[in-house]
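Engineer: Below you will find the structure I want to go over with you.
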Amino acid sequence: MTIRIVVADDQELIRNAFAMILDNEADMTVVAEAADGAEAVAAVHEHAPDVLVLDIRMPVMDGIEATRRLSGGSVRVLMLTTFGQDDYVYDALRAGASGFLLKDVRRAELVHAVRVVAAGESLLAPAVTTRLIETAVRGQAPPATPWPGLDRLTPRERETLRLLGRGLTNAELAAALVVSEHTVKTHVSSVLAKLGLRDRAQAVVAAYESGLVVAGEPSP
């Protein structure tokens, strides 16, 4: 199966370089390039790619707004960022991004990241996502409105979501819940489906914004 990709970055040299690297892979094809967020959204609607490699800061429409407008669709967003942009990363997670790369990423890391995201996984490890979110929300009060769908979770699924928010791996979840890893995967899948989340990275956001996890509290 060939992974169809759109590359969007306002810096032409970076955009062209990423497109060339990805298009040279036997299992990938770059179907379009875009110079801003509006062009990226249009390209996704026109070409229906599997993955959108998207710069987080661009003119006309930034990567976060572009991701937000594409949420609910089938494309998975791999966001390009730089150091010192944790707040942007948090907003991008909320909008529906599935992974993040630094713009000075190595060739092999770029290719690997596209494959991971195309396979339906989130690129950031849960613990890294947790650190980013804690940085963004530390000191803020819990939201007044619960996360939509939270009342549909069983007590065990709510606990699973809380532990996901603390950055636990499947093995750590299994130990904490005293169940098998297979059962953990079932719980995680159910949580994602009931809350309409793309992946575990968004589950971490949901755990914080629902008040199940508070920034600064000790990990289990």
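The values are calculated or read from the model by the stated rules, or taken from the named source; none is laboratory data. These figures come from a predicted structure and were not determined experimentally. Heads up, the Cβs are rebuilt from the backbone with ideal geometry, glycines too, and the neighbour counts pull from every protein chain shown. Calculation scope for accessible area: heavy atoms of the full protein, side chains included, ligands and nucleic acids excluded. Shrake-Rupley method; radii C 1.70, N 1.55, O 1.52, S 1.80 Å.
Engineer: Consider residue 104 carefully, then state whether it is modelled with pLDDT under 85 and either surrounded by 14 or more Cβ atoms within 10 Å (Cβ to Cβ) or more than 24 Å from residue 17 (Cβ to Cβ) (or both).
Structural biologist: Values: modelled with pLDDT under 85: yes; either surrounded by 14 or more Cβ atoms within 10 Å (Cβ to Cβ) or more than 24 Å from residue 17 (Cβ to Cβ) (or both): no.
The answer is no for residue 104.
Engineer: So, one more: I want to confirm something. Restricting to segment 174-220 and keeping residues that are among the polar types (S, T, N, Q) and either closer than 15 Å to residue 152 by Cβ or open to solvent by less than 40 Å² (accessible area, probe 1.4 Å) (or both), which single residue is modelled with the lowest pLDDT?
Structural biologist: The residue in question is 202.
Engineer: Limited to segment 54-98, what total is found for residues that are at positive phi and modelled with pLDDT under 85?
Structural biologist: At the first step, the residues of segment 54-98 found to be at positive phi are 60, 72, 84, 96.
Pick out the ones that are also modelled with pLDDT under 85 and you get 72, 84, 96.
Qualifying residue count, segment 54-98: 3.
Engineer: So which of 95, 19 ends up being open to solvent by less than 20 Å² (accessible area, probe 1.4 Å), aliphatic (A, V, I, L, M) and within 23 Å of residue 199 (Cβ to Cβ)? Spell out the reasoning first.
Structural biologist: On the way: 19 fails: within 23 Å of residue 199 (Cβ to Cβ).
Just one listed residue meets the conditions, 95.
Engineer: So which residues in segment 143-173 are aliphatic (A, V, I, L, M), over 23 Å from the mean Cα position of the chain (by Cα) and open to solvent by less than 80 Å² (accessible area, probe 1.4 Å)?
Structural biologist: First pass over segment 143-173, keeping only residues aliphatic (A, V, I, L, M): 144, 150, 153, 161, 163-164, 168, 171, 173.
Then keep just the ones that are over 23 Å from the mean Cα position of the chain (by Cα); that gives 144.
Correct list: empty.
Engineer: Next up: Filter segment 39-77 for residues that are open to solvent by 10 Å² or more (accessible area, probe 1.4 Å), touching a residue at least 40 places away in the same chain (Cβ under 8 Å) and under 13 Å from the mean Cα position of the chain (by Cα) and give the result.
Structural biologist: Result: 76, single match.
Engineer: Could you list all residues from segment 107-135 that are modelled with pLDDT under 75, part of a helix (DSSP H, G or I) and touching a strand residue (DSSP E or B) at 6+ places or on another chain (Cβ under 8 Å)?
Structural biologist: Answer for segment 107-135, where residues must be modelled with pLDDT under 75, part of a helix (DSSP H, G or I) and touching a strand residue (DSSP E or B) at 6+ places or on another chain (Cβ under 8 Å): there is none.
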